[in-house]
Amino acid sequence: MKGKGIVKGLGVTLKTLGTPKVTYPYPDVPIEMPDRFRGIQYFEPDLCIVCNQCARICPTDCITLTGKPNPDPEKKGKVIDTFDINFEICILCDLCTEVCPTEAIVMTNNFELAAYSRDELFKDRDWLYANNLNIRKDNNNIGAPQRGGGK
(Lines give C-alpha, C1' and ligand atoms only; values in the text may rest on other atoms or scores of the structure.)
Protein backbone atom coordinates (compact mmCIF):
# COMPACT_ATOMS: atom_id res chain seq x y z
CA MET A 1 0.00 0.00 0.00
CA LYS A 2 1.41 3.38 -1.00
CA GLY A 3 1.42 6.22 1.53
CA LYS A 4 1.57 3.92 4.56
CA GLY A 5 4.35 6.03 6.15
CA ILE A 6 2.41 9.27 5.70
CA VAL A 7 -0.66 7.78 7.40
CA LYS A 8 1.49 6.53 10.29
CA GLY A 9 3.15 9.92 10.74
CA LEU A 10 -0.16 11.73 10.53
CA GLY A 11 -1.54 9.35 13.19
CA VAL A 12 1.28 10.24 15.57
CA THR A 13 0.71 13.94 14.91
CA LEU A 14 -3.03 13.73 15.54
CA LYS A 15 -2.50 11.65 18.68
CA THR A 16 -0.15 14.21 20.27
CA LEU A 17 -2.15 17.23 19.13
CA GLY A 18 -4.47 17.16 22.14
CA THR A 19 -1.84 16.49 24.84
CA PRO A 20 -0.70 19.34 27.12
CA LYS A 21 2.43 21.17 26.08
CA VAL A 22 5.67 20.61 27.98
CA THR A 23 7.51 23.92 27.78
CA TYR A 24 9.10 26.19 30.36
CA PRO A 25 8.65 29.96 30.49
CA TYR A 26 12.43 30.05 31.03
CA PRO A 27 13.55 33.65 30.87
CA ASP A 28 10.61 34.76 33.00
CA VAL A 29 10.65 31.91 35.52
CA PRO A 30 14.06 30.55 36.64
CA ILE A 31 14.68 26.84 36.31
CA GLU A 32 15.26 24.92 39.55
CA MET A 33 18.51 23.02 39.20
CA PRO A 34 19.27 19.81 41.15
CA ASP A 35 21.44 19.92 44.28
CA ARG A 36 24.48 18.41 42.58
CA PHE A 37 24.43 20.84 39.66
CA ARG A 38 27.83 22.42 39.00
CA GLY A 39 27.29 26.04 38.09
CA ILE A 40 29.29 29.25 38.22
CA GLN A 41 31.55 29.65 41.24
CA TYR A 42 31.03 32.04 44.15
CA PHE A 43 34.15 33.44 45.81
CA GLU A 44 34.39 34.76 49.36
CA PRO A 45 37.62 36.86 49.50
CA ASP A 46 37.65 37.09 53.31
CA LEU A 47 37.90 33.29 53.65
CA CYS A 48 40.72 32.84 51.13
CA ILE A 49 44.13 32.04 52.63
CA VAL A 50 45.93 32.17 49.25
CA CYS A 51 47.00 28.52 49.42
CA ASN A 52 46.82 28.29 45.59
CA GLN A 53 45.34 24.79 45.69
CA CYS A 54 42.42 25.75 43.45
CA ALA A 55 44.75 27.05 40.73
CA ARG A 56 47.03 23.99 40.97
CA ILE A 57 44.25 21.42 40.65
CA CYS A 58 42.42 23.18 37.81
CA PRO A 59 42.77 20.96 34.69
CA THR A 60 42.37 23.90 32.30
CA ASP A 61 44.49 26.45 34.21
CA CYS A 62 41.68 28.99 34.10
CA ILE A 63 42.17 30.23 37.69
CA THR A 64 44.77 32.85 38.48
CA LEU A 65 45.27 34.36 41.90
CA THR A 66 47.84 36.46 43.68
CA GLY A 67 48.27 37.32 47.30
CA LYS A 68 50.00 40.04 49.24
CA PRO A 69 51.34 40.14 52.79
CA ASN A 70 48.74 40.79 55.45
CA PRO A 71 48.53 44.53 56.19
CA ASP A 72 48.11 43.75 59.87
CA PRO A 73 51.66 42.99 61.10
CA GLU A 74 50.37 40.88 63.99
CA LYS A 75 48.68 38.39 61.66
CA LYS A 76 50.59 35.81 59.67
CA GLY A 77 49.90 34.69 56.13
CA LYS A 78 48.67 36.45 53.04
CA VAL A 79 45.47 38.11 51.93
CA ILE A 80 44.01 37.78 48.46
CA ASP A 81 44.99 40.48 45.99
CA THR A 82 43.55 39.21 42.70
CA PHE A 83 41.38 36.20 41.89
CA ASP A 84 40.32 35.68 38.27
CA ILE A 85 38.55 32.88 36.44
CA ASN A 86 38.48 32.63 32.67
CA PHE A 87 35.09 31.08 31.93
CA GLU A 88 36.01 30.78 28.28
CA ILE A 89 38.01 27.68 29.17
CA CYS A 90 36.53 26.72 32.58
CA ILE A 91 34.76 23.35 32.40
CA LEU A 92 32.95 23.79 35.77
CA CYS A 93 34.43 20.53 37.03
CA ASP A 94 34.06 21.44 40.73
CA LEU A 95 37.64 20.42 41.56
CA CYS A 96 38.55 23.91 42.77
CA THR A 97 35.79 23.87 45.35
CA GLU A 98 36.65 20.40 46.62
CA VAL A 99 40.27 21.23 47.47
CA CYS A 100 39.61 24.61 49.08
CA PRO A 101 40.28 24.12 52.83
CA THR A 102 38.26 27.17 53.89
CA GLU A 103 35.44 26.89 51.32
CA ALA A 104 36.28 30.33 49.99
CA ILE A 105 35.23 29.16 46.53
CA VAL A 106 31.96 27.25 46.25
CA MET A 107 29.63 26.29 43.43
CA THR A 108 26.26 27.88 42.77
CA ASN A 109 23.28 26.75 40.73
CA ASN A 110 23.69 29.70 38.35
CA PHE A 111 24.53 28.78 34.79
CA GLU A 112 23.87 31.83 32.63
CA LEU A 113 27.15 33.03 31.13
CA ALA A 114 26.06 34.16 27.69
CA ALA A 115 28.15 37.02 26.33
CA TYR A 116 28.69 38.82 23.04
CA SER A 117 32.44 39.01 23.50
CA ARG A 118 34.96 36.53 24.84
CA ASP A 119 36.45 39.29 26.95
CA GLU A 120 33.26 39.34 29.02
CA LEU A 121 33.91 35.75 30.13
CA PHE A 122 36.96 36.79 32.15
CA LYS A 123 35.58 37.34 35.66
CA ASP A 124 37.39 38.91 38.61
CA ARG A 125 36.95 38.50 42.36
CA ASP A 126 34.39 41.31 42.65
CA TRP A 127 32.11 39.71 40.07
CA LEU A 128 32.50 36.28 41.70
CA TYR A 129 31.72 37.78 45.12
CA ALA A 130 28.56 39.39 43.74
CA ASN A 131 27.45 35.99 42.36
CA ASN A 132 25.84 35.08 45.67
CA LEU A 133 22.46 33.74 44.56
CA ASN A 134 21.61 30.03 44.56
CA ILE A 135 24.73 28.93 46.42
CA ARG A 136 24.84 25.18 47.00
CA LYS A 137 24.10 24.32 50.61
CA ASP A 138 26.60 21.48 50.97
CA ASN A 139 29.54 21.91 48.66
CA ASN A 140 32.21 19.44 49.66
CA ASN A 141 30.21 16.51 50.98
CA ILE A 142 27.39 15.96 48.53
CA GLY A 143 26.35 12.35 48.80
CA ALA A 144 29.02 11.56 51.42
CA PRO A 145 28.07 10.09 54.79
CA GLN A 146 27.86 12.65 57.58
CA ARG A 147 30.00 10.74 60.09
CA GLY A 148 32.33 7.81 59.82
CA GLY A 149 33.09 5.74 56.79
CA GLY A 150 31.43 2.77 55.20
CA LYS A 151 29.74 0.06 57.22
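For the range 89-108, name all the residues that are over 13 Å from Glu44 (Cα atoms), in contact with a strand residue (DSSP E or B) (Cβ under 7 Å, 6 or more places away or on another chain) and assigned to a loop (DSSP other than H, G, I, E, B). Scanning the range 89-108 gives a single hit, Asp94. Selection over the range 50-69 of residues that are assigned to a loop (DSSP other than H, G, I, E, B) and out of contact with any Pro (no Cβ under 7 Å at 6 or more places or on another chain) gives a count of 7.
Cβ-Cβ contacts under 6 Å between residues 6 or more apart (or on different chains), taken from a first residue in the range 39-50 that is closer than 9 Å to Ile105 by Cα to a second residue that is of a type in the set (D, E, K, R), are listed as Phe43/Arg125; Pro45/Arg125. Selection of the range 114-128 for residues being surrounded by fewer than 18 Cβ atoms within 10 Å (Cβ to Cβ) and either in a helix (DSSP H, G or I) or touching a strand residue (DSSP E or B) at 6+ places or on another chain (Cβ under 9 Å) (or both) yields Arg118, Asp119, Glu120, Leu121, Phe122, Asp124, Asp126, Trp127. Any residue in the range 67-78 that is under 24 Å from Asn132 (Cα atoms), of a type in the set (Asp, Glu) and either in contact with a Lys or Arg (Cβ under 7 Å, 6 or more places away or on another chain) or modelled with pLDDT under 95 (or both)? No: zero hits. A single member of Asp124, Asp119, Asp84, Asp94 is at positive phi and either under 11 Å from the mean Cα position of the chain (by Cα) or of a type in the set (Asp, Glu) (or both), and it is Asp94.
Under the condition of being of a type outside the set (D, E, K, R), assigned to a loop (DSSP other than H, G, I, E, B) and more than 26 Å from the chain's Cα centre (by Cα), the residues counted in the range 10-35 number 4.
The values are calculated or read from the model by the stated rules, or taken from the named source; none is laboratory data. Computed from a prediction, not measured in an experiment: that's the story for all the values here. Using ideal geometry, Cβ is built from the backbone for each residue, glycine included, and neighbour counts are taken over all protein chains shown.
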